[in-house]
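Written out below as structure tokens is the structure these notes cover.
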Amino acid sequence: MRRVDRTLLLASAAYAVAVTLLSWPLVTTASTSVVDPVRLGQRGAPWVRADLDLLIWILAWTSHAIVTRPLSLFQANIFYPAPDTLAASEHLIGLTPIATPLFLLTDNAVLTYNVTLLVVIWLAATCTFALARAWSGSAAAAFVAGAAFAFAPHVVGAWLRLHESAVALFPLVMLLAWRAARAPRRATLAALFVVTLLQVLAGMYVAYELLALVAAFAPALVVEARRSGRSPLPVLATLGLAFLAIVPVGIPYLRLRAVGTLPPFEEALGLVAQNSIGLRYALQFVGEDLTWPVVALALVGLVWPSRTQLVERLGLLLVALVGVVLSAGLAVPLVPGTSLPSPYEILMRVVPGFASLRAPSRFLVLPLLAVSVLAALGLARIVALAGAQVWGRRALHALFLAGGVALVAVRMPEEPLPFARIELEGPQMRAHRWLRDEGTPGPVLRLPVYNALLDIRELRRTGLDMIGSTLHWYPLLNGYSGYPPPGARLLMTLAQRLPDPRALDELCRLVDVRWIVLHLPQLPEQEEEVWQERAPDLGLTFVARVANDAIFRVDRECGVDPRLAHPARGAPTETFGGVPLAPLDPRDRRGTLILDDAPEELLANSHHWFWLDVTNEGTATWPGLSPAENDTVALQARWREASSGRLLRVEEPVPLARDLSPGETMRAQVDALAPVPGEYVLELGLVQRGRGWFADEGGSGILRLPVRVRPVPQPAKARHADHDGERDDEDDASAR
């Protein structure tokens, strides 16, 4: 074995040990647990956990579909019957060489996710080592670079965010492109194409991150090719050819934008503005992620170059600058002191698909990589001070290796990582195992449903059901993603009203549901008995009680409305019931609301559903049975300060999900999140979406409820809980 291979092998082994230690004890529970963002204290922990469940499902679906149904890869099994549901988030296709063999061998989505994440971080360190060693000539310096980049918090992502960590091949793309620029051999160009292709396909976000990196690095490639007496066209053409893969992968995303699933440009611009961190914080994050000593070494490498490495440093500097500017988002104008837009906004307007990248800080990966490699070059220059003294070089190399170990040590968690259990063979998943073993393929509806962003309990259950669906791959009406399809809210609103016969009629008219699974611990008392009594009249058959789940088969005729399965571009003009989607006349904005058991007190930050009887007292039918956001009638909640009447917060509207005729009464729901402690007026009212509240436009249909919001009582002693979204089913049963 050659010395260079032995050095790489030793570095890779050291990084494997570091990954194991930093993630401990993840490697011991990889098949049944995930890192718990709640107990880890992550900001926005419930949604971080929801994203984690989503990523586990995405990786399993992609690994499954790439082999069994590659032509239908984006027609994933959530949000049935909506199309292109994989494109509602990342796709992770480029990770299938790692994930697919694992999933096909184990059928374990949790194990597949955890192992893939660990391998990706290990690859990031190893590839960075290879790049830094090739440019610095020092394995010890390269070891520091690999540890600095791969174990930076923005890359590791607290072992939770694979879609952000999937940048392992960035340094290898740079290294192969550099070699191809100097000597465009076929083998080098072929390797560059494959590596770039896999990295492009790792996700839409990382594809654009890589595009920014290559664009910033391209001038250095051109200069180096010219210095070597070569044409830069082969290396640039190879990179461009690999990036063409984004075209077919991007088509489903463009289709979703056309039908309104992805936000329009102005809304996307607002989301990016909210997430823009500015130049100061971008630089601060780079320093804190890499540690300031690494940044200092990078400055040494930048300002004290060797004569043979000027172009490499230029390339790294451009990569770092582009990454910092883009990660700052809209806060950095193209020309300071002018009204010109930022580079990020220009790219949003010019580059197809770039407007969907709502978190500019993801581009921090570019300066993290560039600064890490520059630090290795700085260390190599320090080694040059030792001159011909072998003992001096060896002492410095030992010091550098110790520095790499120290980088790992300072990132070690003070305590072992906390975990949440997701046991595919445990009680949580018994209903899904029953469907796999005893059921027949068909769409599944799980109740209760997730139908509000702040309904954390149902959000967690939905994430678990998505993971559970990897056991059978039946279509799910339920789902969670960053951009749910427009029809999802309509279907979930109807599903939430079951076993109401009218709601089931409307649901069955829109989608051919085959199975209804009730998770009993999250339903009201006696709900199972109500379902059992009504089942024959509803066309349902009770087939099994599995742990704390009751499973019903839908035996009535149901069908899929093509307007849900194949939504048309542009805004619809009428509801599924044929009612025009148009502004209501003032005399038709009249209704009454009746609420039983109006609350007098609520706990701060608690989420609540309110059920009302709604009567249309106008002269025209209210449009409701449509996924359209404009002109449909909905219920909405808003909070006012009791003393001043000042409007504090407006909640998201909940559609009526029914065309309501004059004089007709229906049962409908609306949700609200209690604010901080204080005295408030909670208003529940009818709205025509895009047109305003009935009561604000001269109509009626509003309830004003005085509510006292109390602080959440602090327990005398913290009780240990296994944060797997809910307790084991046995505990749930006792909680009822």
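The values are calculated or read from the model by the stated rules, or taken from the named source; none is laboratory data. From a predicted model like this one, the values you see are computed outputs, not experimental measurements. Glycine gets a Cβ as well: all are built from the backbone with ideal geometry, and neighbour counts include every protein chain shown. Just so you know, the surface numbers come from the protein's heavy atoms only, side chains and all, with ligands and any DNA or RNA stripped out. Shrake-Rupley method; radii C 1.70, N 1.55, O 1.52, S 1.80 Å.
So what is the relative contact order for the chain, in percent, with contacts set as C-alpha pairs under 8 Å and at least six apart?
Details: 1399 pairs, mean separation 96.1, N = 736.
Reported as a whole number, the value is 13 percent.
Using only Cα atoms and rounding to the nearest 10 degrees, what angle (0 to 90) does helix 139-150 make with the longest principal axis of the chain?
10
Can you give the FRET efficiency for ARG6 and ARG39, using 1/(1 + (r/R0)^6), R0 = 41 Å, r = Cβ-Cβ distance, to the nearest 0.05?
On the way: r = 41 Å, r/R0 = 1.01.
E(calc), rounded to 0.05, equals 0.50.
Taking 30 Å as R0, compute the FRET efficiency from the Cβ-Cβ separation of LEU595 and GLU266 and round it to 0.05.
Values: r = 36 Å, r/R0 = 1.20.
FRET efficiency, LEU595 to GLU266: 0.25.
How big is the charge dipole of the chain about its Cα centre, in debye rounded to the nearest 20, if each Lys and Arg gets +1 on its Cβ and each Asp and Glu gets -1 on its Cβ? Write down the numbers at each step before the final one.
Details: 65 positive and 68 negative charges, 886 e Å.
Value, rounded to 20: 4260 debye.
Find how much the distance from THR68 to TRP24 grows on full extension, using 0.36 nm per residue of separation minus their present alpha carbon separation; answer in nm with one decimal.
Working: separation 44, 0.36 × 44 = 15.84 nm, distance 3.43 nm.
Net length gain for the segment: 12.4 nm.
Just need the relative contact order of segment 444-535 here, percent rounded to a whole number, with Cα pairs under 8 Å and 6+ apart.
Working: 84 pairs, mean separation 35.2, N = 92.
38 percent.
Just the isolated ones, please: cysteines in the chain lacking another cysteine beta carbon under 4.7 angstrom.
Result for the chain is CYS127, no neighbouring Cys Cβ within the cutoff.
For the chain, with all protein chains present and a 1.4 Å probe, just round the carbon and sulfur fraction of the accessible area to a whole percent.
Working: 17740 of 30120 Å².
In the chain, the share of accessible area belonging to carbon and sulfur is 59 percent.
Report the local net charge at LEU602: Lys and Arg +1, Asp and Glu -1, summed over other residues whose C-beta lies under 13 Å from its C-beta.
Numbers: positive: ARG708, ARG710; negative: ASP597, GLU600, GLU601, ASP671, GLU679.
Residues near LEU602 contribute -3 overall.
Can you find, among PRO232, VAL19, TRP531, the residue sitting farthest towards the positive end of the charge dipole of the chain, where Lys and Arg contribute +1 and Asp and Glu -1 at Cβ?
Farthest towards the positive end: PRO232.
Calculate the spin-label point distance for SER228 paired with GLU423, positioning each point 7 Å from the Cα along the beta-carbon direction, and give it in nanometres.
5.6
Classify segment 108-215: rounded, prolate or oblate, from the alpha-carbon gyration tensor (a ≥ b ≥ c, eigenvalue square roots; a/c under 1.5 rounded; otherwise prolate if a/b is larger than b/c)? Mind dumping the intermediate values first?
Details: a/c = 2.01, a/b = 1.34, b/c = 1.50.
Note, shape of segment 108-215 comes out oblate.
Where a ≥ b ≥ c are the square roots of the eigenvalues of the C-alpha gyration tensor, would you call segment 515-618 rounded, which needs a/c under 1.5, or, failing that, prolate if a/b is larger than b/c, or oblate? Walk me through the numbers on the way to the answer.
Working: a/c = 2.14, a/b = 1.22, b/c = 1.75.
The shape class here is oblate.
What is the calculated FRET efficiency for LEU279 to ALA568, with r their C-beta to C-beta distance and R₀ = 51 Å, to the nearest 0.05?
On the way: r = 43 Å, r/R0 = 0.84.
The pair LEU279/ALA568 has a calculated efficiency of 0.75.
Sorting check: for 647-659, 561-573, 277-289, which peptide has the highest mean count of neighbouring beta carbons within 10 Å, and how do the rest follow?
Values: 647-659: 19.5, 561-573: 13.8, 277-289: 17.4.
Highest mean packing first, the order is 647-659, 277-289, 561-573.
Taking the solvent-accessible surface of protein heavy atoms with a 1.4 Å probe, what is the per residue accessible area of segment 237-280 in Å²? Intermediate results must be reported in sequence, preceding the final value.
Working: 2190 Å² over 44 residues.
With the other protein chains kept in place, segment 237-280 gives 50 Å² per residue.
I need the shape label for segment 1-117. Rule: rounded when a/c is under 1.5, else prolate if a/b > b/c, else oblate, with a, b, c from the alpha carbon gyration tensor. Mind dumping the intermediate values first?
Values: a/c = 2.47, a/b = 1.38, b/c = 1.78.
Oblate.
Roughly how many debye, to the nearest 20, is the charge dipole of segment 399-491 about its Cα centre, given +1 on each Lys and Arg Cβ, -1 on each Asp and Glu Cβ, and no other charges? All intermediate terms of the calculation are to be shown ahead of the outcome.
Numbers: 10 positive and 9 negative charges, 39 e Å.
Charge dipole, segment 399-491, about its Cα centre: 180 debye, nearest 20.
If you count, for each residue, the other Cβ atoms within 10 Å and average over each peptide, how do 180-187, 482-489 line up from highest to lowest?
Values: 180-187: 16.6, 482-489: 21.0.
Top of the packing list down: 482-489, 180-187.
From the residues ILE121, GLY591, ALA190, which one has its Cα farthest along the dipole of the chain in the positive direction, the dipole being from +1 and -1 charges on Cβ of Lys/Arg and Asp/Glu about the Cα centre?
ALA190
Simple spin-label model, 7 Å along Cα-to-Cβ: LEU648 to GLU679 in nm?
Computed distance between label sites LEU648 and GLU679 equals 1.2 nm.
By per-residue mean of other Cβ atoms within 10 Å, what is the highest-first order of 134-144, 692-702? Intermediate values should be presented prior to the final figure.
Values: 134-144: 25.0, 692-702: 17.4.
Per-residue mean Cβ counts within 10 Å order the peptides as 134-144, 692-702.
Quick one: compute the contact order of segment 346-501, relative version, from alpha carbon pairs under 8 angstrom and 6+ residues apart, as a percent. Can you show the working numbers first?
Numbers: 81 pairs, mean separation 25.0, N = 156.
The value is 16 percent.
If you line up the Cα atoms of segment 29-83 on their principal axes, what length do they span on each, largest first, in Å?
Principal-axis extents of the Cα atoms in segment 29-83, largest first: 40, 27, 12 Å.
Quick check for me: using +1 on Lys/Arg Cβ and -1 on Asp/Glu Cβ, what's the dipole size of segment 628-685 about its Cα centre, in debye to the nearest 20? All intermediate terms of the calculation are to be shown ahead of the outcome.
Details: 6 positive and 10 negative charges, 37 e Å.
Dipole size: approximately 180 debye.
Say the dipole of segment 1-117 comes from +1 at the beta carbon of Lys and Arg and -1 at that of Asp and Glu; which of THR68, PRO101, LEU54 then lies farthest toward its positive end?
The residue sitting most towards the positive pole is PRO101.
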